[in-house]
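Trainee: I have a structure here, written as structure tokens, and I will follow up with some questions on it.
The values are calculated or read from the model by the stated rules, or taken from the named source; none is laboratory data. Computed from a predicted structure; not experimentally measured. Note that each Cβ is placed from the backbone with ideal geometry, even for glycine, and that neighbours are counted across all protein chains shown. SASA here: full protein model, heavy atoms, side chains in, ligands and nucleic acids out. Shrake-Rupley method; radii C 1.70, N 1.55, O 1.52, S 1.80 Å.
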Amino acid sequence: MNTNTKSILGIDISKDKFDASLRVGTRTCRQVFPNHAAGFRALQRWLEQAGVGQVHAALESTGRYGLALARFLHAQGWTVSILNPLALHHYARSRLQRNKHDRLDADLIVEYVAKESPPAWAPPKAAQSQLQELSRLLESRKRQLVQERNRLESLPQSRAARAAMSRFARVLEKEINKLQTQLLSTLQLDPQLLSDWKLLLSIPGIGELTAAIILAELPAYLPTARAAAAYAGLTPTRYQSGRCDSAEGLSPIGNRTLRRALYFPAVAAVRFNGPIAAKAQRLRAKDKPEMCIVGAAMHQLLRQAWGVLKHKKPFDPCWRSAALASESAMA
């Protein structure tokens, strides 16, 4: 077999196992492996026995279950793609696929990769992984605290129940404060992360915790500001068919943690961030609703964050106008 031919490996991951579908030329073979280190090594031997040289492996983004396998595949020097489950769902519907099981899902991933050529994934650095785990745990604890406070506001009649809720709320408050401290301390582990965090703080509206969450959730491999906004689900959607043409708000597809983290900073940016405040004023002049304005502010705020991280320079509100003036002078 020609080992120079790039093969496609589709993986359907679950907690205890993963189904692998390997396409080499016109031939497809399948195998099931346990989802742990021994299973990863068995997968490697299986690929070697198949005479595979170059591999484009792909799996769905399914929380933590596939991360160890993705890291293993990347360490072998193979191309790895992490796929949006919703994209695969719609791809399956476009093929009128009525059945769903793990082997079919692995085959579907192979077909999707062959047709769409999704971008390569790169594993985050150790400090960034820790940052992401802490930021997501922090978000979870904050939601729990809101739930407990809502229960207390419902005025439970039982004194014992009220006391238990109050105790748990105090525990959550302490845990949240501890996680926030750990989140900021993690930045000290990596000089580049710390430098990038300081750059993000130069953007009006972005505070210390928001900057840390952006670094935790925004992949470094995204090529453009538009791609960053799409990754966070901050791009507007539009439906147009015949006489029907309507905007439907922001896309529901994207990184929810990043989107939530930008909401309150965007509210502040509408007041204090010059370019975003100007855009908000233009949208208000067009009678756009306030949530539309906040959504646009979130979109622009993330573009600004991507810009300072890409160019490694502090935020400059006049950068775009200066760049355009320079282009005009050169024309």
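Trainee: Order of 22-32, 225-235 by packing, highest average Cβ count within 10 Å first?
Mentor: 225-235, 22-32
Trainee: Accessible area of the chain with a 1.4 Å probe: how many percent of it is carbon plus sulfur?
Mentor: 53 percent
Trainee: How much area per residue is accessible in the chain when the probe is 1.4 Å and only protein heavy atoms are counted (Å²)? Kindly include the intermediate steps, with their values, before the conclusion.
Mentor: On the way: 18990 Å² over 331 residues.
Result: 57 Å² per residue.
Trainee: Which lysines have a Cα lying under 20 Å from the Cα of residue 17, excluding residues fewer than 8 positions away in the same chain?
Mentor: Within the straight-line cut-off, residue 17 pairs with 100.
Trainee: Can you tell me the Rg and Dmax of the chain, counting just the alpha carbons, in angstroms?
Mentor: For the chain, the Cα-based Rg and Dmax read 23.5, 75 Å.
Trainee: I would also like to ask the following. Expressed as an acute angle from 0 to 90° and rounded to the nearest 10, what is the orientation of the C-alpha long axis of helix 319-330 relative to the principal long axis of the chain?
Mentor: 70 degrees
Trainee: Could I ask something else about it? Could you state the number of Å between the C-alpha centres of the stretch 50-68 and the stretch 124-172?
Mentor: 35 Å
Trainee: Give the long-range amide H neighbours of residue 81: residues separated by 5 or more places, or on another chain, with amide H under 5 Å away, using H modelled in the peptide plane at 1.01 Å from N.
Mentor: 57, 58, 59, 121
Trainee: Calculate one ³J(HN,Hα) per residue across the stretch 297-307 by plugging θ = phi - 60° into the Karplus curve 6.51 cos²θ - 1.76 cosθ + 1.60, and present them in order as whole Hz with x for glycine and proline.
Mentor: With the stated coefficients, the stretch 297-307 comes to 5, 4, 4, 5, 5, 5, 4, 5, 4, 4, x Hz.
Trainee: Let me ask something else about it. Arranged from highest to lowest average of other beta-carbon atoms within 10 Å per residue, in what order do the peptides 77-83, 42-48, 293-299 appear?
Mentor: Answer by packing, highest mean first, reads 293-299, 77-83, 42-48.
Trainee: Let a ≥ b ≥ c be the square roots of the eigenvalues of the Cα gyration tensor of the stretch 67-182; is it rounded (a/c under 1.5), or, if not, prolate (a/b larger than b/c) or oblate?
Mentor: Here the stretch 67-182 falls in the oblate category.
Trainee: Just name one of 118, 83, 24: the one whose Cα is farthest towards the positive end of the charge dipole of the chain (beta-carbon charges, Lys/Arg +1, Asp/Glu -1).
Mentor: 83
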